[in-house]
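The values are calculated or read from the model by the stated rules, or taken from the named source; none is laboratory data. These numbers come from a predicted model, not from an experiment. Cβ: placed from backbone, ideal geometry, glycine included. Neighbour counts: every protein chain shown. Accessible surface is based on the protein model in full, side chains and every heavy atom, while ligands, DNA and RNA are left aside. Shrake-Rupley method; radii C 1.70, N 1.55, O 1.52, S 1.80 Å.
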Amino acid sequence: MASGSPTTKGLGSPSAKALGSPTSRDDREVSEMLLSVSSWCMCSVGMIVFNKLAVVHFPGVCVLVALQMGYCCLVLLCFAWKWIHFGSINDVLRWSMVTPFFSGVLLTSMLSLKHASMSLLVVLRCLSPIASLVVESFYPHPIQVNAAMLVSIFMMLVGATLYVSTMPQEHFVGLGWALINTFLAVGDRLLQRLMLAKDQHPVDISKAGVTLLNNFFGLVTVLFCAHITHEWETLPQLSNLQGLSVIWIFASCIVGVGISFTGIWCQSLISATSFLVLINVNKFLIIGIEAIFMSLNVVQVMGALVAILGGVTYGKAQEALSERDPREAAPLAPKSGSP
């Protein structure tokens, strides 16, 4: 709204009434939710595809992740600075605990993609609810477990075993990084839930502020890793990069900015269960892309599908529990007027 207070004429006009009506507000909320969900889905699929293509052509994994984080910080400071809000230094320090997990997830994801297929990372991520259940059992209000959730976990384990059983031997290095990535992703999600969920102890930081902190603190961490691994020695090879390689690297930077923001935006509008469903839909898309355009045998496809279906049924089982516990159906991030 351009003016600080509405005029009498504006209050009496039909258009003003329509804008303030419950139906109009509901339509705007639905439109915002659809936009956030579709944006996150495109960024999520694009992130893993472009990262796979970029890491094949870029000599240093740490430097590549640092480029993505630095680009994200630059975009936020140039175009979203007015939406960056930090409640207090204590909120910033609390959120900094997420940094090792956030940067670790990005690094291990790149290392896994460098040494193995995209679907390996997708399949092992299906096992993350198992680790989440163990950790959340120590929460003040732990998640309840029913028979359907146990059956779903069994499906995930069977699917992952099928997938790995026919995996090429040279991909086992990527398997180790993917396992580490899965545990770091669980820690990242649990910490963010602890600091974003209304029923926990949320921080007073805007979505743009959280995104900036993740990437700024993560950039420092990743640059330190690049220093101790001597990846700087690979930088002179950048002059040998072809035009297509530069395109993949730049595309990975763009979707990196997108997924950093849309993930928090999406979690502020939908429930944790709905977000889990979105993640599973994206997994099917990744498996489909790799099955069509890359080398993935029938057993691996079947194993991946079984593991993902286990994740879907696990989400449905959690949804049934959330009907009895409203906290599990609440958005992970508090909804606010600022990005």
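Computed extension length for His85-Thr166: 24.2 nm, one decimal, from 0.36 nm per residue of separation with the Cα-Cα distance subtracted. Annotation for the range 116-198: chymotrypsin sites (Phe, Trp or Tyr not before Pro) lying in DSSP loop with at most 10 further Cβ atoms inside 10 Å of their Cβ are Phe138. Of the accessible area of the range 34-99, computed with a 1.4 Å probe over protein heavy atoms only, carbon and sulfur atoms account for 76 percent. Close amide H partners of Ile205, meaning residues 5 or more places away or on another chain with modelled amide H under 5 Å apart, are Gly87. Remark: spin-label model distance Val298-Phe224 equals 5.1 nm, labels positioned 7 Å along the Cα→Cβ axis. Summary of the geometry: the range 107-175 and the range 76-97, compared by the centres of their Cα atoms, lie 32 Å apart.
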